[in-house]
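The values are calculated or read from the model by the stated rules, or taken from the named source; none is laboratory data. None of these values were measured; they are calculated from a predicted model. Here the Cβ is made from the backbone with ideal geometry for all residues, glycine too, and neighbour counts use every protein chain on show. Side chains included, ligands, DNA and RNA excluded: accessible areas come from the protein's heavy atoms. Shrake-Rupley method; radii C 1.70, N 1.55, O 1.52, S 1.80 Å.
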Amino acid sequence: MTRVAFLGLGAIGAPMASHLSGPPFELTVWNRTRERAKGFVSNHAAHIAATPMSAGNDVEFAITCLPSSREVEEVLFSDEGLAQSLAPGATLIDCTSGDPASSRRIAERLAQQGVDFLDAPVSGGVAGASAGTLTVMCGGNETVFERCRPVLEAFGKKIVRCGDVGAGHAVKAVSNALLAVHVWSLGEALASLAKIGVDTSVALDVISASAGRSNASQNLFPERAMTRAFPRTFRLALLDKDIDIAARIARDAGVPIPLIELTAKLIRGAHGELGEEADHVEAVKVIEERAGVQIS
Ligand code: NDP
């Protein structure tokens, strides 16, 4: 049996961890709010750890899936942190959508105690996590990546090494910057069409079969915005964090990115208006409010 710890049973963490409960894995979970961990172990074969430190006892792999790299550093290096119990030869797989600079810092600190690090953020949403079909984009050395592959295959379908430590986090941030651009621009486009009296269901159907299509037009808007269901599966706050990481990567590299900077500002404003719990697709409500029109 491969002993694995999973820390962070949030919207996407819990369905990911569910694929590691049972042979060939022996799973231990930890969550800041203990009730959530209790709920998980009542439905899945897993041990519950009282602290991040006890979660790391005797494991080959520890997986973190937390809001940002800041929480990962807290969970690793604070009192009773995970790093205290990880033994030489263990690997930390960070499935958080984190930032590359923090990942490199974390990897260096863990290397001092003989622990390897792989950044392995995911894409595919809660539905992909439940189905075990996530895309996993990894940063780390080739040997570490190959060692982690059987664990990643439990919840991932397309598993790709993008480069050294931080590369997975960089690709994820950029991908979500594109998601933000797509959601925001489609919201503006449909608001304009609604205002001039075009049936937006018809327009969305046509756009989705035309050059302007995106995952936002083909899936997100039909399922979430047009129905007004707006299920809360991926918080706008997290998208705000991701596009901010993408903007910082470009700034540090000296690449001008006016479109991404502007979208980051709009997303930050929407996050401020709609609060911490709003889903990312709910950003369209801010566009509707300003336009004085509903897109559906
Ligand atoms: P949630 O907000 O649903 O869950 C966050 C998790 O982190 C919870 O387990 C929460 O614990 C824990 N947490 C928050 N703050 C702290 C802290 N200070 N110390 C310890 N634990 C903490 O987030 P998601 O599960 O949606 O996202 C997790 C990561 O995955 C993020 O980086 C996100 O960007 C990424 N992601 C999410 C997707 C999605 O569709 N949801 C898709 C792809 C990537 P508690 O229960 O106590 O609040």
Restricting attention to segment 117-154, report how many residues are of a type in the set (S, T, Y) and out of contact with any helix residue (DSSP H, G or I) (no Cβ under 7 Å at 6 or more places or on another chain). 3
Filtering segment 112-141 for residues that are more than 17 Å from T91 (Cβ to Cβ) and among the small types (G, A, S) leaves a count of 9
Could we say that G89 is in a loop (DSSP other than H, G, I, E, B) and within 14 Å of the ligand (Cβ to nearest atom) here? no
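The rows are residues; the columns are (1) within 16 Å of the ligand (Cβ to nearest atom); (2) touching a Phe, Trp or Tyr at 6+ places or on another chain (Cβ under 8 Å); (3) of a type in the set (F, W, Y); (4) at pLDDT 95 or above.
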| site | (1), (2), (3), (4) |
| --- | --- |
| K158 | yes, no, no, yes |
| V165 | no, yes, no, yes |
| A173 | yes, no, no, yes |
| H182 | yes, no, no, yes |
| A189 | no, no, no, yes |
| D199 | no, no, no, yes |
| S217 | no, no, no, yes |
| R232 | yes, no, no, yes |
Take segment 236-252 and flag every residue that is closer than 16 Å to G166 by Cα, without any contact (Cβ under 8 Å) to a residue 60 or more places away in the chain and open to solvent by less than 40 Å² (accessible area, probe 1.4 Å). A250
Which residues, taken from segment 52-81, are open to solvent by less than 10 Å² (accessible area, probe 1.4 Å), in contact with a strand residue (DSSP E or B) (Cβ under 6 Å, 6 or more places away or on another chain) and either assigned to a helix (DSSP H, G or I) or within 12 Å of the ligand (Cβ to nearest atom) (or both)? A55, I63, T64, V72
Could you tell me which residue of segment 109-151 is least open to solvent (accessible area, probe 1.4 Å), considering only residues that are charged (D, E, K, R) and closer than 21 Å to V59 by Cβ? D119
Taking the options I295, I267, name whichever one is open to solvent by less than 60 Å² (accessible area, probe 1.4 Å), at pLDDT 95 or above and under 19 Å from P67 (Cα atoms). I267
